[in-house]
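Quick notes on the structure that follows.
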Amino acid sequence: MAILKLHGGKQATCTRRVATVLHELQVPFELIEVDVANGAHKSPEYLKIQPFGQIPYIDDDGFLLYETRAICRYIAAKYPEYGLIPTEPKANALFEQAASVELTNFDPSASKAGLQLWIRKMGYPFPTDDKIIADNLETLEKKLDAYEAILSKQRYLAGETITLADIFHLPYGVFVTYAGSESDSVMNRASRPNVARWYKQLISRPSWLAYLDGVTTTTAY
Amino acid sequence: MVLKLHGFALSTCTRRVATVLHEYKIPFELVPVDPSKGEHKAAAYLEKQPFGQVPYIEDDGLTLFESRAICRYIVDKYRAPAGVSPLVPKDTKGKALFEQAASIEYSNFDPYASGAVREKVFKPMRGLPTDQSAYDFCVSTLSAKLDGYEAILGKQKYLAGDEITLADLFHIPYASMLAAAGCDLMTTKGPNVTRWFNELTARASWVAVKDGAKSFSSY
């Protein structure tokens, strides 16, 4: 069986999300870098595989899949013993609720602010906008008040154990902290101790720490 | 005890759930929440839905919010009626392709379709000014994204393959409101998107709820 191929970018945000989950599940993979700087992701050949011209996609022994959360779900479903997607019906429903919360209540503002803050931190030559960052961080602060309520009753978003729903908050959950400091950022405020506790748990995971300098081919764990 | 859907008749997300309840012929009671009175931000409501959003359900002792999660729960718990194919495939690859399509809806369609509808339909309803440049951005981005849809739907009937899934149904509430928002892309982008959109909006489950979700006890 061929090694799983992750077509993306070493530093690319969504590629990192997939790599984190592959690492959680101890799945060997090869990173194949897509030459985004030269528009490789918009070529007719690429668009046949990923019609929206986005990275990443995976090639799992000939099975092609794109959309990072779909990729992560597909891999997690192969290894149910890790519990990243609960299978018991009620636990599964609460997982889906948490996964949807990430999509609708976190990602819109966190990815808009986070992408810009990441661009600035990496020194990439793309324009950024103080107002977009500020407005989206303000929205995120309010959303995280609701997270505080949830996380004051349970350890993780779907219940007492970590699931993909929590992990999907990476990497943007880290990038939005670039607007603050280690001791005080939107994810780590004294006023939201449970969010801070949960956030610190996420960023301590080996799967996140493994690719702090970028995603690399990983053949052994 | 019948499933309770807490929402309001014309809410996009309430109708998203009601469509799937109709697809699977599940009786339900619509328990009205009146956002104009701020009922969705009251303390008692926030206990059930901490983000103060509509809808949520109560079914068999379970409280659940997020319309797409509710739809997935319905499909997981209840059997599809005879002659209706399951709205979420169970085989590994079929499920993966469904998840890809569900993610496409959320990342490549919803922000732009809902943004356009918010600017030209919801904001005027609330007496708020339309941000024309935000609207223009949503429509031009949606147009580019629908090029991707046109390519996919030229090869297969629905977004995840040749069978309809939840991923297709998730699009309907906002897709159906784009015309009212002055955007005709669903019927002008290309023949494949047009065919798919027309099929979706002709489904009996959508027709039953499009003008307002309501309690339904027998199918």
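Cross-link partners for A:Lys10 among the aspartates and glutamates, with Cα-Cα distance under 20 Å and sequence neighbours closer than 8 places in the same chain left out: A:Glu24, A:Glu30, A:Glu33, A:Asp35, A:Asp59, A:Asp60, A:Glu67, A:Asp213. Calculate how many DSSP beta bridges within the stretch B:3-85 are antiparallel, expressed in % of all such bridges and rounded to the nearest 5. Close to 60 percent. For chain A, modelled as a Gaussian network with Cα springs under 10 Å, which listed residue fluctuates most, A:Ser100, A:Ser109, A:Ser181? Greatest mean-square fluctuation among the candidates belongs to A:Ser181. Checking the Cα-Cα distances for A:Lys121/A:Lys200; A:Lys143/B:Lys145; A:Lys142/B:Lys41; A:Lys48/B:Lys145; A:Lys131/B:Lys41 against a 18 Å cut-off, the pairs over it are A:Lys121/A:Lys200; A:Lys143/B:Lys145; A:Lys131/B:Lys41.
Relative intensity of the stretch B:3-85 on a log10 scale, I(q)/I(0) at q = 0.20, 0.23, 0.24, 0.25 Å⁻¹, equals -0.85, -1.09, -1.17, -1.25, per a Debye sum over C-alpha point scatterers of equal strength in the absence of solvent. Between B:Gly7 and B:Val31, B:Val33, the built amide H atoms are under 5 Å apart, and every one of these is 5 or more places off in sequence or on another chain.
In order along the stretch A:25-32, the Karplus-derived 3J(HN,Hα) couplings, from 6.51 cos²θ - 1.76 cosθ + 1.60 at θ = phi - 60°, round to 9, 6, 9, x, 8, 10, 8, 10 Hz, and Gly and Pro are given as x.
The stretch A:1-31 and the stretch A:144-221 have Cα centres spaced 19 Å apart. Rounded if a/c is under 1.5, else prolate if a/b is larger than b/c, else oblate: which is the stretch B:92-203, with a ≥ b ≥ c the root eigenvalues of its Cα gyration tensor? Note, shape of the stretch B:92-203 comes out prolate.
Dipole magnitude of the protein assembly as shown about its Cα centre, charges +1 at Lys/Arg Cβ and -1 at Asp/Glu Cβ only, in debye to the nearest 20?
On the way: 49 positive and 51 negative charges, 98 e Å.
Here the protein assembly as shown has a charge dipole of around 480 debye.
Of the beta bridges DSSP finds with both residues in the stretch A:1-159, what % are antiparallel, to the nearest 5?
Roughly 60 percent of the DSSP beta bridges within the stretch A:1-159 come out antiparallel.
Taking all protein chains together and a 1.4 Å probe, the residues A:Tyr178, B:Tyr219, B:Tyr135 rank B:Tyr219, A:Tyr178, B:Tyr135 from largest to smallest accessible area. A dipole drawn for the protein assembly as shown from +1 and -1 charges on Cβ atoms has a positive end, and of B:Ser103, A:Leu170, B:Leu178 the residue lying farthest that way is B:Leu178.
Sequentially through the stretch A:175-181, phi angles give Karplus couplings (6.51, -1.76, 1.60; θ = phi - 60°) of 4, 5, 7, 5, 7, x, 10 Hz, Gly and Pro residues having no value and appearing as x.
Only the Cβ atoms of Lys and Arg (+1) and of Asp and Glu (-1) were treated as charged; on that basis the dipole of the stretch B:3-85 about its Cα centre amounts to roughly 220 debye.
Around A:Lys10, what is the net charge, scoring Lys/Arg as +1 and Asp/Glu as -1 over all other residues with Cβ under 13 Å from its Cβ?
On the way: positive: A:Arg16; negative: A:Glu30, A:Glu33, A:Asp35, A:Asp213.
Computed value for this residue: -3.
Based on C-alpha pairs under 8 angstrom that are at least 6 apart in sequence, the stretch B:117-198 has a relative contact order of 33 percent.
With a 1.4 Å probe, what is the total accessible area buried between chains A and B, in Å² rounded to the nearest 100? The partial results should precede the final answer.
Details: alone 10770 and 10710 Å², together 18860 Å².
Buried area (both sides, nearest 100 Å²): 2600 Å².
Calculated from the alpha-carbon coordinates, the stretch B:1-48 shows an Rg and a Dmax of 11.6, 33 Å respectively. Both numbers refer to the Cα atoms of chain A; Rg and Dmax are 17.3, 50 Å. In chain A, a dipole from Cβ-located charges (positive for Lys and Arg, negative for Asp and Glu) runs towards its positive end, and of A:His23, A:Pro89, A:Val186 it is A:Val186 whose Cα lies farthest in that direction.
Nothing charged except the Cβ atoms of Lys and Arg (+1) and of Asp and Glu (-1): what's the magnitude of the dipole of chain B about its Cα centre? Round to the nearest 20 debye.
Details: 26 positive and 25 negative charges, 36 e Å.
Result for chain B is approximately 180 debye, rounded to the nearest 20.
Rounded, prolate or oblate: which one fits the stretch B:156-219, using the alpha carbon gyration tensor with axes a ≥ b ≥ c (rounded when a/c is under 1.5, else prolate when a/b beats b/c, else oblate)?
Values: a/c = 2.57, a/b = 1.29, b/c = 1.99.
Note, shape of the stretch B:156-219 comes out oblate.
Return a whole-number percent for the relative contact order of chain A, with Cα pairs under 8 Å and 6 or more residues apart as the contact set. Mind showing how you got there, number by number?
Numbers: 312 pairs, mean separation 57.5, N = 221.
The value is 26 percent.
Listed values for the stretch B:170-184 are Karplus-derived 3J(HN,Hα) couplings in whole Hz (6.51 cos²θ - 1.76 cosθ + 1.60, θ = phi - 60°), namely 4, 6, 4, x, 6, 4, 6, 9, 5, 4, 5, 8, x, 10, 9, and x replaces Gly and Pro. Note on chain B: the alpha carbon radius of gyration divided by the globular reference 2.2 N^0.38 Å gives 1.01.
Legend: Rg and Dmax of the stretch A:146-192, from Cα coordinates, 11.5, 30 Å. Per residue, chain A exposes 43 Å² of solvent-accessible protein surface, assessed with a 1.4 angstrom probe and all protein chains in place.
Answer rounded, prolate or oblate for the stretch B:78-128, using the Cα gyration tensor with square roots of eigenvalues a ≥ b ≥ c: rounded when a/c is under 1.5, else prolate when a/b is larger than b/c, else oblate. Write out the running numbers ahead of the final one.
On the way: a/c = 5.66, a/b = 2.15, b/c = 2.63.
Taking the square roots of the gyration eigenvalues as a ≥ b ≥ c, the stretch B:78-128 is oblate.
Measuring max minus min along each principal axis, the C-alpha atoms of the protein assembly as shown give extents of 57, 50, 48 Å (largest first).
The values are calculated or read from the model by the stated rules, or taken from the named source; none is laboratory data. Since this is a predicted model, take the numbers as computed values, not measurements. Please note: Cβ atoms are built from the backbone with ideal geometry, for glycine as well, and neighbour counts cover all protein chains shown. Surface accessibility is based on the protein's heavy atoms, side chains included, excluding ligands, DNA and RNA. Shrake-Rupley method; radii C 1.70, N 1.55, O 1.52, S 1.80 Å.
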